[in-house]
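Undergrad: For reference, the structure I am asking about is given below.
The values are calculated or read from the model by the stated rules, or taken from the named source; none is laboratory data. In this text, all values refer to a predicted model and were calculated from it rather than measured experimentally. Neighbour counts run over all protein chains shown; Cβ positions are idealised from the backbone, glycine included. Keep in mind that these areas ignore ligands, DNA and RNA; they rest on the heavy atoms of the full protein, side chains included. Shrake-Rupley method; radii C 1.70, N 1.55, O 1.52, S 1.80 Å.
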Amino acid sequence: MSWWQDAVCYELYPRAFADSDGDGTGDLAGATARLDHIAGLGADAVWITPFYPSPLADGGYDIADHTGVAADLGSPQDFDELTARAHRLGLKLIVDLVPNHTSDQHPWFQEALAAGPGSAARDRYLFRPGRGPAGELPPNDWQSAFGGPAWTRVPDGQWYCHLHAAEQPDLNWRSPEVRQAFTGILTHWLDRGVDGFRVDVAHALFKAEGLPDAGPGQHRDPLRNHLMPYYDQEELHPLYREWRTLLDTHPAPPGAVAPHERVMVAESAVFDPTRLARYTRPDEMHQAFNFAFLEAAWEPGELRRVIDASLCAPGGGAVTWLLSSHDAVRPVTRLGSAARARAAALLMLALPGSAYLYQGEELGLPQARIPDDRILDPLWERSGHTERGRDGSRVPLPWSGDRAPYGFTTADPDRTWLPQPDDWAPHTVAAQEHDPHSTLTLYREALRLRRDHPASDPTAPPHWHSAPGDPYLAFRRSGLTCVVNLADRPLSWTTLGVTGRPVLASGPLDGDAIPPDTAVWLLDTTPEPQSLEVQSLEVQSPEGDGHGRAH
Ligand code: NOJ
């Protein structure tokens with residue numbers, strides 16, 4: 001079995017993780033200094049979101065130099081130290097590859113603007129004349145995922161395509177020069193020793209020939225995403241096969257521990273499971289994010305449907321699970337309570353495959369409300385101030401202390417990368433570290449059990465004990481049974497016919513009664529290690545406000 005098939009990968013958003021130089025923004029040296037938190041949690045890998053030079057029009061996903069390091073985050077040497085430290089701690093390191101677009105400040109785009117219509121420089125992007133008598137209308141009806149048209153006009157009258165912010169012009173993936181440049185970018189980071197790539201907007205690189213209209217209802221029904229002319233085009237797959245060969249054949253860096261298998265994970269907003277599975281065929285990507293699980297409501301029927309569909313989807317890759325990311329409303333808030341977020345974590349971590357955790361999830365952080373004048377997300381402006389965007393899940397982590405900046409930085413609290421709430425003292429790592437009832441302890445215990453106990457065999461499929469329509473979920477894998485009570489009254493596992501000894505629970509149990517919105521893991525194997533004791537964990541955080549995903 002390969003390391004990534006059951007890996008727990010921790011998403012690190014560097015500007016909000018830890019600040020080493022007191023400027024209020026997290027950086028690479030800060031991340032290196034705090035990597036032991038991730039290793040101590042029991043994760044196997046770290047995915048670090050973009051740390052490249054960027055004007056920050058979209059949190060760093062607008063890249064001006066794909067092989068550089070942003071000055072506010074450190075230097076290439078700092079990146080090497082982060083990689084070396086991760087490897088010393090036994091953590092793999094995955095970096096973000098953002099091939100769909102560049103920053104408008106990228107030298108290529110600046111060159112394209114200067115060179116004018118018909119130039120080779122413009123051919124690296126998607127420049128087109130407009131429609132209407134004077135070309136005053138966009139070339140087609142495409143809408144940006146952030147709201148508004150996916151086209152912006154330049155002074156000479158041409159329009160360029162951007163599926164996200166106007167500061168993120170889309171590349172022309174039919175340009176051989178673009179393709180070749182990205183081979184160089186992948187090679188650069190492989191040479192620096194990374195263990196893989198998370199491929200941003202992996203479903204969008206190629207647009208249908210002729211750029212036809214998409215029609216009404218764009219971005220409204222994710223299940224139709226693969227039908228859009230700007231998504232899920234056939235030409236993606238030969239490209240991913242090419243990259244897979246590069247990953248498989250690129251020499252391992254000196255001193256790498258064999259087997260040195262590098263991975264690609266697709267960030268693909270394709271929700272049809274059969275279409276999504278095409279990204280993870282055996283010679284393409286290793287994994288694709290399972291957004292259907294992240295988006296599922298706290299409802300047993302829907303969760304069961306999503307889990308079954310995810311496990312059944314064809315394709316060679318392992319299943320992934322995630323409850324949060326820097327793009328999503330934090331689960332405590334999205335699912336409606338800290339109790340549900342904790343139960344959802346035990347559900348996710350009992351499933352076979354790989355899990356992605358997002359920084360702060362292990363602390364039970366709720367979504368923060370960002371004051372209007374501090375919002376950074378381009379969604380806020382592009383939606384005409386109707387969508388606050390994703391900043392509420394990108395607030396600096398609370399490490400210690402009883403007031404902001406909670407050990408994140410030595411800067412004044414009003415200078416932190418996004419402001420931290422006043423009531424986060426109970427959420428700090430220091431406050432939760434030795435508390436047996438904390439969310440941090442729950443995650444550590446879950447990851448330890450998952451890793452150490454034979455019942456955690458990642459290839460063992462779940463056998464459902466609950467039936468579709470039951471107000472609870474119960475399944476067994478090897479000797480481990482996971483029961484999640486989604487009903488509004490307690491549920492006795494003995495009455496359900498579930499056997500085993502409880503080894504971990506997301507909330508306090510009352511004998512064999514599982515309270516509402518609580519999950520329990522039961523072991524039915526012998527001998528049982530002495531350390532596998534029940535963690536009767538109290539729920540700490542206040543109820544959230546139950547909002548859905550940020551975009
Ligand atoms: C997905 C990234 O996760 C998100 O943060 C970003 O805004 C878009 N891709 C565009 O790069």
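Undergrad: Could you work out the relative contact order of the chain, using alpha carbon pairs under 8 angstrom and six or more residues apart, expressed as a whole percent?
TA: For the chain, the relative contact order is 14 percent.
Undergrad: So, one more: Taking K and R as +1 and D and E as -1, what net charge do the other residues with C-beta under 12 Å from the C-beta of G301 add up to?
TA: Computed value for this residue: -2.
Undergrad: Packing-wise, with mean Cβ within 10 Å as the measure, how do 360-372, 332-344 rank, highest first?
TA: Packing order, densest peptide first, comes out as 332-344, 360-372.
Undergrad: Right, next: With +1 on each Lys and Arg Cβ and -1 on each Asp and Glu Cβ, how big is the dipole of the range 1-55 about its Cα centre, in debye rounded to the nearest 20?
TA: Value, rounded to 20: 60 debye.
Undergrad: Further question on the same structure: Counting only heavy atoms of protein chains, what accessible area per residue, in Å², does the chain have with a probe of 1.4 Å?
TA: 37 Å²
Undergrad: How much FRET efficiency would the formula 1/(1 + (r/R0)^6) give for R220 and C312, where r is the Cβ-Cβ distance and R0 is 35 Å, rounded to 0.05?
TA: After rounding to 0.05, the efficiency reads 0.85.
Undergrad: A further question follows. What does the convex hull of the Cα atoms of the chain come to per residue, in Å³, rounded to a whole number?
TA: It comes to 144 Å³ per residue, whole-number rounded.
Undergrad: Taking amide H positions as placed 1.01 Å from N in the peptide plane, with prolines and chain starts having none, which residues 5 or more places from K92, or on another chain, fall under 5 Å of its amide H?
TA: Residues meeting the amide H criterion: A45, V46.
Undergrad: Also, I was wondering about something else. Relative contact order for the range 107-161: what is it in percent, counting Cα pairs under 8 Å that are at least 6 residues apart?
TA: This gives 30 percent for the range 107-161.
Undergrad: Given just the C-alpha atoms of the range 96-170, how large is their convex hull per residue in cubic angstrom?
TA: 85 Å³
Undergrad: Here's something else I'd like to know. Among 28-41, 278-291, 427-440, how do they line up by average Cβ neighbours within 10 Å per residue, starting with the highest?
TA: The packing order, highest mean first, is 278-291, 28-41, 427-440.
Undergrad: Would you mind computing, in nm to one decimal, how far apart the modelled labels at Q110 and T410 are, each placed 7 Å from Cα along Cα→Cβ?
TA: In this crude spin-label approximation the distance works out to 3.4 nm.
Undergrad: Provide the gained length on full extension for the span E299 to L246, in nm with one decimal, where the gain is 0.36 nm per separating residue minus the Cα-Cα distance.
TA: So the extension gain works out to 14.9 nm.
Undergrad: Then there's this: What nm distance separates the two modelled labels at S75 and E387, each placed 7 Å from Cα along Cα→Cβ?
TA: For S75 paired with E387, the spin-label model returns 4.0 nm.
Undergrad: Show me the ranking of peptides 490-498, 345-353 by mean Cβ neighbours inside 10 Å, starting with the highest.
TA: Result, highest mean first: 345-353, 490-498.
Undergrad: In 5 Å bins starting at zero, report the fraction of Cα pairs in the range 242-343 per bin as a rounded %.
TA: 2, 12, 19, 18, 15, 13, 9, 7, 4, 1
Undergrad: Using only Cα atoms, find the angle between the long axis of helix 338-350 and the longest principal axis of the chain, and express it within 0 to 90 degrees, rounded to the nearest 10.
TA: With rounding to tens, the tilt is 90 degrees.
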